[in-house]
Each structure stands twice: as structure tokens, then as C-alpha cells.
Amino acid sequence: MNKILDPQLRQERIESLKAGIIAGLSLMITFFLTTLLNNLVLAKYFEQLGSLAIDSLDLQWLVRTGIVCFSGLLFGVTYRYIIRSDKNPQLKAGAVLAFGLVRGLTQVDVGLSYSRDILPFVVLGVESILWFVLAAFFLDTAIQLGWIKPFPSN
């Protein structure tokens with residue numbers, strides 16, 4: 001049978017797409033909340049974190065939002081395949097840390113290249129890990145509620 005037309009394979013792709021959409025939306029919402037926190041609290045009350053403030057909603061902010069959504073989509077699809085129907089907390093934590101640390105450490109690396117003040121980039125790195133922790137929480141909840149079927153283990 002043609003693998004493209006295989007109904008079981010098509011259903012797995014739909015479930016992966018649903019996982020990606022949920023993770024993308026959860027990362028986007030978390031991004032908005034952390035940006036709001038940065039603007040209203042961190043940048044306002046901590047002088048060293050003033051660079052975290054966003055002055056206007058411009059093209060740069062729109063691109064950042066797109067990157068966050070796409071990262072969430074990739075995380076959701078990957079997370080579903082990593083955790084399968086196993087109950088292994090190390091797999092879940094490893095997936096979250098892999099995505100969160102790659103994004104977070106990249107921000108710290110950029111910060112080291114362009115600034116002497118590394119603290120704002122460390123805050124952004126910690127935020128990245130938080131985003132993926134919350135995305136995993138929402139994905140696990142969606143799986144428990146039956147909105148997404150876990151990828152079957154062999």
C-alpha cells in the first residue's frame with residue numbers, strides 16, 4: 001500500500017500537527033506573558049534589565065513571535081514522538097531541557113558576543129526553559145484529556 005495514503009500514518013501526522021499547534025500556542029502565550037513581565041516589572045525596577053523592555057510592536061517583535069511559534073510547533077511534534085506512551089520522566093525532562101537549553105544558551109552566547117552585561121541574556125535563557133516546561137505541561141494535559149493521542153510505543 002502507498003505510505004502516503006495509509007490512513008494510520010495520516011492519523012499519526014494529524015496527531016503530531018495537533019501537538020505542534022498546542023505547543024506553538026502555549027509558547028506564544030508564555031512569550032507574551034514573559035514579555036509583559038519584562039516590560040512592567042524587570043525592566044522598570046532593575047536597571048541592569050532595562051534592555052528587556054520592548055518599546056513598540058514592530059517588525060522585530062513580529063519576527064520574534066513567529067520564531068517562538070515555529071519553535072513551539074517543532075517542540076510539540078518532537079515531544080510527542082519522544083515521550084510516546086511511556087511513563088519515563090527522564091525522557092520528558094530531557095526533551096524540555098534539550099529545547100530550552102539550546103534556545104537559552106544561544107541567547108547567552110549572543111549576549112556574550114554583543115554586550116558586557118550578560119544578565120539580561122541569562123534572564124532570557126531561563127525564560128526559554130520556562131517556555132518549554134509550560135509547553136510540555138500543556139501537551140501532557142492535552143494527552144491526559146484525550147485531545148492528543150500519544151505516539152504508540154513498540
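Any idea which of (1) assigned to a loop (DSSP other than H, G, I, E, B); (2) within 17 Å of Ser16 (Cβ to Cβ) is the one Leu57 doesn't satisfy?
Just one mismatch for Leu57, condition (2).
Tally time: how many residues in the stretch 99-151 are within 25 Å of Leu25 (Cβ to Cβ), of a type outside the set (A, V, I, L, M) and not in a helix (DSSP H, G or I)?
Of the residues in the stretch 99-151, 5 are within 25 Å of Leu25 (Cβ to Cβ), of a type outside the set (A, V, I, L, M) and not in a helix (DSSP H, G or I).
Are any residues in the stretch 125-135 buried (at least 21 other Cβ atoms within 10 Å of the Cβ) and either touching a residue at least 60 places away in the same chain (Cβ under 8 Å) or in contact with a Cys (Cβ under 6 Å, 6 or more places away or on another chain) (or both), and if so, which ones?
Result: Glu127, Trp131, Phe132, Ala135.
Of Gly72, Gly76, Gly111, Gly66, which residue is surrounded by 17 or more Cβ atoms within 10 Å (Cβ to Cβ) and either in contact with a Lys or Arg (Cβ under 7 Å, 6 or more places away or on another chain) or more than 30 Å from Gln8 (Cα to Cα) (or both)?
None of the other options fit; the residue is Gly111.
Looking only at the stretch 89-107, which residues are among the β-branched types (Val, Ile, Thr) and either surrounded by fewer than 20 Cβ atoms within 10 Å (Cβ to Cβ) or touching an Asp or Glu at 6+ places or on another chain (Cβ under 9 Å) (or both)?
Val102, Thr106
Out of Arg84, Arg103, I need the residue that is closer than 24 Å to Ile14 by Cα, in contact with a helix residue (DSSP H, G or I) (Cβ under 9 Å, 6 or more places away or on another chain) and among the charged types (D, E, K, R). Which one?
Of the residues listed, the single one that is closer than 24 Å to Ile14 by Cα, in contact with a helix residue (DSSP H, G or I) (Cβ under 9 Å, 6 or more places away or on another chain) and among the charged types (D, E, K, R) is Arg84.
Using beta carbons and a limit of 7 Å, which pairs, at least six apart or on different chains, have the first residue in the stretch 80-105 and farther than 21 Å from Pro120 by Cβ and the second one modelled with pLDDT under 90 and among the charged types (D, E, K, R)?
The qualifying pairs are Ile83/Lys92.
Kindly indicate which of Leu17, Leu27 is at pLDDT 80 or above, over 29 Å from Phe121 (Cα atoms) and out of contact with any Lys or Arg (no Cβ under 9 Å at 6 or more places or on another chain).
Going through Leu17, Leu27 in turn, the sole match is Leu17.
The values are calculated or read from the model by the stated rules, or taken from the named source; none is laboratory data. What you see is a predicted model, and the numbers here were worked out from it, not measured in a lab. Glycine gets a Cβ as well: all are built from the backbone with ideal geometry, and neighbour counts include every protein chain shown.
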